[in-house]
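The values are calculated or read from the model by the stated rules, or taken from the named source; none is laboratory data. The model shown is predicted, which means the values in this text are computed figures rather than measured ones. Here the Cβ is made from the backbone with ideal geometry for all residues, glycine too, and neighbour counts use every protein chain on show. SASA here: full protein model, heavy atoms, side chains in, ligands and nucleic acids out. Shrake-Rupley method; radii C 1.70, N 1.55, O 1.52, S 1.80 Å.
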Amino acid sequence: MNLGLLYFSATGNTEKISRVIKNRLEEFGCTVDMIDITPLSSRKGGFDCTSYDALILGAPVHSWRIPRVVREWLPNLSGDRKKCAIFLTYGGFQINPAHYTTSQLLQKQGFSVVSSAEFLAFHTFNIGGWKAMEGRPDESDIAVAREYAEIIYARFSGKDSNLVGELEKTSHPEELLDKIEGFRFRILTQVPTRQGADCCMCRECEEFCPTGAIDAMTGETDPSRCIACLGCVLRCPEGVLMINDMTPSWKFKLKGEHITEEEMNGKKSRIYL
Ligand SMILES: Cc1cc2nc3c(=O)[nH]c(=O)nc-3n(C[C@H](O)[C@H](O)[C@H](O)COP(=O)(O)O)c2cc1C
């Protein structure tokens with residue numbers, strides 16, 4: 001079976017799970033091409049799925065849905081009734097409509113969604129001081145990813161056509177979800193900005209940025225394009241890209257989500273469908 005595994009990953013969590021799934025599927029004799037759709041250049045045009053028997057889509061959850069840039073790019077795909085498996089990584093908070101909305105987008109493109117799974121992973125905002133799911137994905141998450149690859153194989157090869165359960169529909173209208181997406185800038189009040197004179201001008205930040213939001217020459221980020229993925233901050237070799245201290249919002253976030261750190265840490269990755 002020839003499979004395409006499309007993934008978006010700014011800080012490496014989704015990529016890590018992608019590799020586990022790829023390696024396990026290869027043990028079953030599949031060929032798996034990993035296609036990184038994080039770079040802006042990779043999403044400039046469409047993507048030809050014709051050489052693949054089925055597709056896998058991996059993405060982080062950004063404010064209850066997969067990142068807007070991925071959502072907006074998916075209409076470039078033509079599913080032709082091919083099977084597709086979804087997996088999401090997330091930082092331990094709510095991701096309520098993410099599975100459903102992603103499957104809806106894929107179905108609209110003509111894919112048949114056969115499975116979906118979610119994996120715990122350190123929250124991007126830990127880079128700014130949060131403490132959500134530190135050290136994840138760990139061995140327990142990797143084990144679920146291996147198991148998920150087995151299910152993907154069974155579903156793709158037709159050995160298992162029985163879907164267990166169905167994706168929970170969301171009652172949240174698109175406008176509300178868009179509004180929730182805007183809340184990230186209440187937490188990230190200072191988008192990545194260069195401070196100090198130690199920049200080596202490697203332009204790594206600019207080359208990485210999935211939306212072309214950062215200008216390495218000026219060291220400034222366009223807030224209207226920034227998706228708060230913080231991949232630039234993580235990659236900056238000199239550590240000169242600064243954001244605000246998010247520590248104060250961590251306790252506030254836990255309170256708002258009615259969850260304690262202990263409860264969060266007890267969460268498990270799971271195969272949803
Ligand atoms: C803008 C933004 C919004 C996020 N929203 C959520 C969320 O709604 N729920 C959650 O649990 N984690 C959320 N996260 C955390 C990411 O889903 C998580 O860290 C993910 O594993 C990052 O994947 P990556 O390393 O592949 O980029 C968010 C992260 C960012 C940057």
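Observations on the structure shown:
- Qualifying aspartates and glutamates (Cα of each under 19 Å from Cα of K159; at least 8 residues distant if same chain): E26, E27, D53, E147, E150
- For T89, the accessible surface of its heavy atoms amounts to roughly 10 Å² (probe 1.4 Å, protein chains only, rounded to the nearest 10).
- Solvent-accessible area of E207, all protein chains in place: 140 Å² (probe radius 1.4 Å, heavy atoms, ligands and nucleic acids excluded).
- Measuring with a 1.4 angstrom probe and ignoring ligands and nucleic acids, K251 comes out at about 130 Å² accessible.
- Across the range 116-273, the relative contact order, built from alpha-carbon pairs under 8 Å that are at least six residues apart, equals 37 percent.
- Listed by chain and number, the lysines placed with their C-alpha closer than 17 angstrom to that of K268 are K16, K131; residues fewer than eight positions away on the same chain are left out.
- Centroid-to-centroid, using Cα positions, the range 1-63 and the range 97-141 are 14 Å apart.
- Contact order normalised by residue count of the range 2-171, Cα under 8 Å, 6+ apart, percent: 23
- The chain - Rg over Rh from alpha carbon coordinates, Kirkwood radius: 0.96
- Sorted on the mean count of surrounding Cβ atoms within 10 Å across their residues, most packed first, peptides 193-201, 224-232 read 224-232, 193-201.
- The range 189-273: relative contact order in percent, alpha carbon pairs under 8 Å with at least 6 residues between: 33
- The range 180-257: C-alpha pair distances exceeding 21 Å, %: 28
- Note on K255: aspartates and glutamates with a C-alpha under 18 Å away, same-chain residues under 8 apart excluded, are E263.
- Accessible area in square angstrom per residue, the chain, 1.4 angstrom probe: 47
- Take the Kirkwood radius over Cα pairs of the range 113-168, plug it into Stokes-Einstein at 25 °C and 0.890 mPa s, and you get 186 µm²/s for translational diffusion.
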